[in-house]
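The values are calculated or read from the model by the stated rules, or taken from the named source; none is laboratory data. Not measured: the values here are computed from a predicted model. We place every Cβ from the backbone using ideal geometry, glycine too, and count neighbours over all the protein chains shown.
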Amino acid sequence: MSNLAEEIKYTYKDYKKWDSKIRYEIIDGVPYAMASPSREHQRISREVLTQFSVFLKGKACEVFHAPFDVRLNADSFDNIVVQPDILIICDKSKLDSRSVKGAPDMVIEILSNSNTRHDTVVKFRLYQRACVREYWIVDPYAKIIQVYILENGKYGVGSVYRDDDIIPVSVLEGCQINLADVFYDTIESENDSELITMQKIIEAMKKNGINDSQAEKIINSIDN
């Protein structure tokens with residue numbers, strides 16, 4: 001994700017005139033071009049969206065997915081426009097034909113190599129400031145989801161759920177997301193697989209009383 005034209009500030013009115021072939025977000029008036037999602041990203045998004053769609057059928061709240069514009073400060077400067085991967089809206093008065101005006105009840109972002117800091121730091125602060133009630137950050141590589149619940153205007157310490165857990169959705173009573181289905185078919189690259197294997201070897205050595213220095217020597221001898 002790249003920063004474009006930091007010196008010029010834009011609003012949603014400007015944004016609507018841009019080339020629709022390129023996806024952008026605007027944060028405090030500064031536009032950012034968005035990278036295309038990976039295959040793993042699409043698979044995870046599809047499965048999470050499916051589970052929410054099934055649960056919400058016939059209910060008041062509604063689930064949406066990117067690309068769909070969320071104007072977090074539409075009632076003031078209207079210079080923050082984001083496209084969360086998945087979002088839940090329970091107040092239909094916030095919706096128009098093209099966007100959400102105000103904070104969704106829930107937002108889910110799926111990490112990629114190009115957006116990790118953007119989603120974990122920049123958007124974290126934005127969603128907290130806008131009072132998004134629940135924020136999930138999905139890590140496809142570690143196969144975990146961090147869940148943040150807004151309390152007294154702040155996100156507390158996030159809860160971490162792993163690939164075989166079931167997550168209760170705070171903003172939707174009775175809704176649970178099964179991570180065994182979400183992460184069932186994610187792909188590990190060769191390097192990722194080797195790293196995970198090496199981590200498991202190191203953890204096993206530590207359990208057997210081998211300290212970090214000794215483990216490093218053993219790993220180096222294997223590499224050589």
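Annotations
- Qualifying positions in segment 143-180 - surrounded by 15 or more Cβ atoms within 10 Å (Cβ to Cβ), hydrophobic (A, V, I, L, M, F, W, C) and not in a strand (DSSP E or B): VAL169, VAL171, LEU172, CYS175, LEU179
- Within the set GLN128, GLN146, the sole residue that is modelled with pLDDT of 95 or more and over 21 Å from HIS41 (Cα atoms) turns out to be GLN128.
- Pairs are defined by a Cβ separation below 9 Å, a sequence spacing of at least 6 or placement on different chains, a first member in segment 136-152 that is more than 16 Å from PRO168 (Cβ to Cβ), and a second member that is of a type in the set (Gly, Ala, Ser) and surrounded by fewer than 17 Cβ atoms within 10 Å (Cβ to Cβ); the pairs so defined are ILE137/GLY158; PRO140/SER38; TYR141/SER189.
- The single residue among ASP91, ASP19, ASP28 that is of a type outside the set (S, T, N, Q) and at positive phi turns out to be ASP28.
- For ALA103, the criteria (1) without any contact (Cβ under 8 Å) to a residue 12 or more places away in the chain; (2) surrounded by 19 or more Cβ atoms within 10 Å (Cβ to Cβ); (3) small (Gly, Ala, Ser) hold in every case but one, which is (1).
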